[in-house]
Amino acid sequence: MTRAETAATTRRALISAASELLDEGGPDAVTLRAVGARAGVSRGAPYGHFENKDHLLTQLAVNAWNSLAEEAGRLRANLEAPVRARLEGGLLALIAVARRQPHLFALMFGTPANTPAAVEAADRLASEFLALVADVVGEADAPRYGALLMSSAYGIAGMELSGHLAKETWHVSVEQLVHMLVDPIRPGLGEAGRSG
């Protein structure tokens, strides 16, 4: 194994360990020392790959954005599925992150997108998601509808995580809410909003 391959393997192990620690105890559980111990590497190894804890946490958010972008791309490539079903799938993929990894979900939307890697990953997700939206409403209306749908999915996920979206209270599932968001959207409906 070359030195570069060894470094890449160590970096992957550190990221995997950080992800596990984040899932188990939130951002406070992720320290470079704990990550190194979990990954089974030397005490100084994490510092050779990450400047500090914030740098490592940002990498976890970047990986999550990239993973969601890939999922949106796969959904869009599935031409056998109706465009609205693909869009619903994109929204549900975001909500699924909150369900599986609530600390990662909070980290994604709490991490400032101001580093080059974060900007690139967030833009990639936005681009893939907007392509799903554009397939339904057209490119001109995609940004506004995309913002509405993404912020609504974020709110749905947050309410579900906090326990304030109990089906017994609201008599609706998350999947039904997402369908209710997407179903009434029609191409050109955004024109009325521009004039008012």
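The values are calculated or read from the model by the stated rules, or taken from the named source; none is laboratory data. Fair warning: this is a prediction, and the values are worked out from it, not measured in the lab. So basically every Cβ, Gly included, is an ideal-geometry build from the backbone, and we count neighbours across all protein chains shown. We work out accessible area using only protein heavy atoms, side chains counted, and drop any ligands, DNA or RNA first. Shrake-Rupley method; radii C 1.70, N 1.55, O 1.52, S 1.80 Å.
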Legend entry - Cα coordinate range in the stretch 1-66, projected on the principal axes (Å, largest first): 34, 27, 19
Inset, instruction - State in Å² the accessible area per residue of the chain; use a 1.4 Å probe, count heavy atoms of protein chains only, and round to the nearest integer. - result: 55
Inset, instruction - Based solely on C-alpha atoms, express the radius of gyration and the Dmax of the chain in angstrom. - result: 19.2, 63
Inset, instruction - May I ask you to derive the relative contact order of the stretch 61-112, considering only C-alpha pairs under 8 Å and at least 6 residues apart, and to give it as an integer percent? - result: 45
Legend entry - Tensor-based shape of the stretch 1-114 (alpha-carbon gyration tensor, a/c under 1.5 rounded, otherwise prolate or oblate): prolate
Legend entry - Folded to 0 to 90 degrees: helix 53-77 orientation relative to the chain principal axis, Cα: 40
Legend entry - Carbon/sulfur fraction of accessible area - the chain, other protein chains in place, 1.4 Å, %: 56
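In terms of the Cα gyration tensor, with a ≥ b ≥ c the square roots of its eigenvalues, is the stretch 78-128 rounded because a/c is under 1.5, prolate because a/b exceeds b/c, or oblate?
Oblate, because a/c is 1.5 or more while a/b does not exceed b/c.
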Legend entry - Percent RCO, i.e. relative contact order, over the stretch 15-133, from Cα pairs under 8 Å lying at least 6 residues apart: 30
Inset, instruction - Counting only C-alpha contacts under 8 Å and six or more residues apart, can you give the relative contact order of the stretch 95-147 as a whole percent? - result: 18
Inset, instruction - Using DSSP to define loop residues, name the GluC sites (Glu not before Pro) in the stretch 1-71 whose beta-carbon has at most 12 other beta-carbon atoms within 10 Å. - result: 51
